[in-house]
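Q: Have a look at this one.
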Ligand code: SF4
Ligand code: SF4
């Protein structure tokens, strides 16, 4: 199982930037759980370098340390030597996948394949899930004890109420305001299936700001999960499909999930063969967009006497550097008691497919978040990433806690009023 150096596309010159200072270690959530050097960024870089130099074998222990990494990139954000840890991790996973050493469970692979479906199939999946819940099949499966499958039970816990798919592809700007132009909406895969509420809120807010909203039919999953799991071919195909789907439009491409936003913005880094730079420049996260707008004078926001905590998704904090955008966009709502969720510097454990492929670790990382929600005694939790929202909501459900977990755009849309 030894990998010869010459055959490895692992970028040793980038890993060489690591001076082994260890400053990243206390920021790593998996090190926090295990206190093991091999579960830290520095330890993982040493392991990857050892493999690339042919000094180590990709045995089960090696693979486990790599599998445990969340790709949260907290280490990258803190590194004084600019080690591009995310690139190292993805390159290593690519090597392992090419060598047939990927350990991703088949259920997670199936999920990734389904989420990467072409738009027409994704619409069928959406319809099917909607009927599955509406016609009582989901309840029946629960009554039958999920056929004894812990995996199926977990999937059900994560499944929110699924709405019927939205079919319009162009929404005109609201007629009560001056028209400002047009924007494109990127809906991704999980957002499209499980988070119609955020899409509706985004469309509503953008229209009331004076923008027509275009939703290209042929857009697909952003490919972040595939890239993170080393499936470069699938991730490049998805990137190419999205760049084609948004065509020659020079209007902003607004993404409603910060995990997707990060990956869409990083398309040029991963897709040499595509002209991805103009696309990437157009991409903007909805929370960033809404935190910088000026609301037309005819609107106001109704006051809200509630305690709101903000969960800051890792990639939005560590890579986009937009951890403050949810606070800024919600600052227009009077009386809102808004505070960060304690422990925002650590990943919640969702991490793309991690919540399914590494359930024990994902739950261990989620527990402090659930405890913080209890301790801070909040009414609503807001987060800008659908994966984190599903993971936290599933944890709350398990504890019997009825706290809403929504996108800040949803909250903003609920409070928007037209002045009398
Ligand atoms: S990755 Fe950066 S912060 Fe971590 S040990 Fe290496 S140089 Fe230091
Ligand atoms: S990406 Fe996150 S989990 Fe992985 S080594 Fe860096 S800080 Fe740790």
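The values are calculated or read from the model by the stated rules, or taken from the named source; none is laboratory data. Please read all numbers here as calculations on a predicted model, not as lab measurements. Glycine gets a Cβ as well: all are built from the backbone with ideal geometry, and neighbour counts include every protein chain shown.
Q: All but one of (1) closer than 27 Å to residue 106 by Cα; (2) modelled with pLDDT of 90 or more; (3) within 24 Å of the chain's Cα centre (by Cα) hold for residue 184; state the number of the condition that does not hold.
A: Residue 184 satisfies every listed condition except (1).
Q: Which residues, taken from region 106-121, are more than 18 Å from the chain's Cα centre (by Cα) and surrounded by 15 or more Cβ atoms within 10 Å (Cβ to Cβ)?
A: 107, 119 - these are the residues of region 106-121 that are more than 18 Å from the chain's Cα centre (by Cα) and surrounded by 15 or more Cβ atoms within 10 Å (Cβ to Cβ).
Q: Is it the case that residue 316 is closer than 22 Å to residue 77 by Cα and modelled with pLDDT under 95?
A: no
Q: Also: Here are 258, 240: which of them is surrounded by 17 or more Cβ atoms within 10 Å (Cβ to Cβ), modelled with pLDDT of 90 or more and over 19 Å from the mean Cα position of the chain (by Cα)?
A: Criteria check complete, one pass: 240.
Q: Additional query: Among the numbered criteria (1) surrounded by fewer than 21 Cβ atoms within 10 Å (Cβ to Cβ); (2) part of a helix (DSSP H, G or I); (3) away from ligand 2 (no atom under 11 Å from the Cβ), which one does residue 57 miss?
A: Against the list (1) surrounded by fewer than 21 Cβ atoms within 10 Å (Cβ to Cβ); (2) part of a helix (DSSP H, G or I); (3) away from ligand 2 (no atom under 11 Å from the Cβ), residue 57 comes up short only on (2).
Q: Continuing with the same structure: Residues to consider are 270, 263; find the one that is surrounded by fewer than 20 Cβ atoms within 10 Å (Cβ to Cβ) and within 18 Å of the chain's Cα centre (by Cα).
A: Only one candidate passes the filter, namely 270.
Q: Output yes when any residue across region 26-37 is over 21 Å from residue 350 (Cα atoms), part of a helix (DSSP H, G or I) and at pLDDT 95 or above, and no when none is.
A: Scanning region 26-37 turns up at least one residue that is over 21 Å from residue 350 (Cα atoms), part of a helix (DSSP H, G or I) and at pLDDT 95 or above.
Q: Looking at the structure I just gave you, is residue 348 within 30 Å of residue 33 (Cβ to Cβ) and out of contact with any helix residue (DSSP H, G or I) (no Cβ under 6 Å at 6 or more places or on another chain)?
A: Working: within 30 Å of residue 33 (Cβ to Cβ): yes; out of contact with any helix residue (DSSP H, G or I) (no Cβ under 6 Å at 6 or more places or on another chain): no.
Spelling it out, it is not the case that residue 348 is within 30 Å of residue 33 (Cβ to Cβ) and out of contact with any helix residue (DSSP H, G or I) (no Cβ under 6 Å at 6 or more places or on another chain).
Q: Which number in (1) within 16 Å of ligand 1 (Cβ to nearest atom); (2) not in a helix (DSSP H, G or I) marks the one condition that residue 44 misses?
A: Only one criterion in (1) within 16 Å of ligand 1 (Cβ to nearest atom); (2) not in a helix (DSSP H, G or I) is unmet by residue 44, namely (2).
Q: Another one. With (1) part of a loop (DSSP other than H, G, I, E, B); (2) under 20 Å from the mean Cα position of the chain (by Cα); (3) modelled with pLDDT of 95 or more; (4) buried (at least 21 other Cβ atoms within 10 Å of the Cβ) as the list, and residue 343 as the residue in question, which single condition is left unmet?
A: The one condition residue 343 does not meet is (4).
Residue by residue, here is whether (1) under 16 Å from residue 364 (Cβ atoms); (2) within 15 Å of ligand 1 (Cβ to nearest atom); (3) within 28 Å of the chain's Cα centre (by Cα) holds:
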site: 31; (1), (2), (3): yes, yes, yes
site: 34; (1), (2), (3): yes, no, yes
site: 37; (1), (2), (3): no, yes, yes
site: 58; (1), (2), (3): no, no, no
site: 74; (1), (2), (3): no, yes, yes
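Q: Mind checking which residues of region 68-81 are farther than 13 Å from residue 45 by Cβ and more than 11 Å from ligand 2 (Cβ to nearest atom)?
A: Result: 80, single match.
Q: Could you list, in sequence order, the residues of region 390-404 that are in contact with a helix residue (DSSP H, G or I) (Cβ under 8 Å, 6 or more places away or on another chain), surrounded by fewer than 21 Cβ atoms within 10 Å (Cβ to Cβ) and without any contact (Cβ under 8 Å) to a residue 40 or more places away in the chain?
A: Once the filter is applied, which keeps residues that are in contact with a helix residue (DSSP H, G or I) (Cβ under 8 Å, 6 or more places away or on another chain), surrounded by fewer than 21 Cβ atoms within 10 Å (Cβ to Cβ) and without any contact (Cβ under 8 Å) to a residue 40 or more places away in the chain, region 390-404 yields 396, 399, 401, 402, 403.
Q: Follow-up question, since we're still on this one. Let me confirm something: among 362, 413, which residue is within 23 Å of residue 203 (Cβ to Cβ) and assigned to a helix (DSSP H, G or I)?
A: Values: 362 fails: within 23 Å of residue 203 (Cβ to Cβ).
Step by step, each of 362, 413 is checked, and only 413 is within 23 Å of residue 203 (Cβ to Cβ) and assigned to a helix (DSSP H, G or I).
Q: Being in contact with a helix residue (DSSP H, G or I) (Cβ under 8 Å, 6 or more places away or on another chain) and assigned to a loop (DSSP other than H, G, I, E, B): is that true of residue 338 here?
A: No; evaluated as a whole, the condition is false for this residue.
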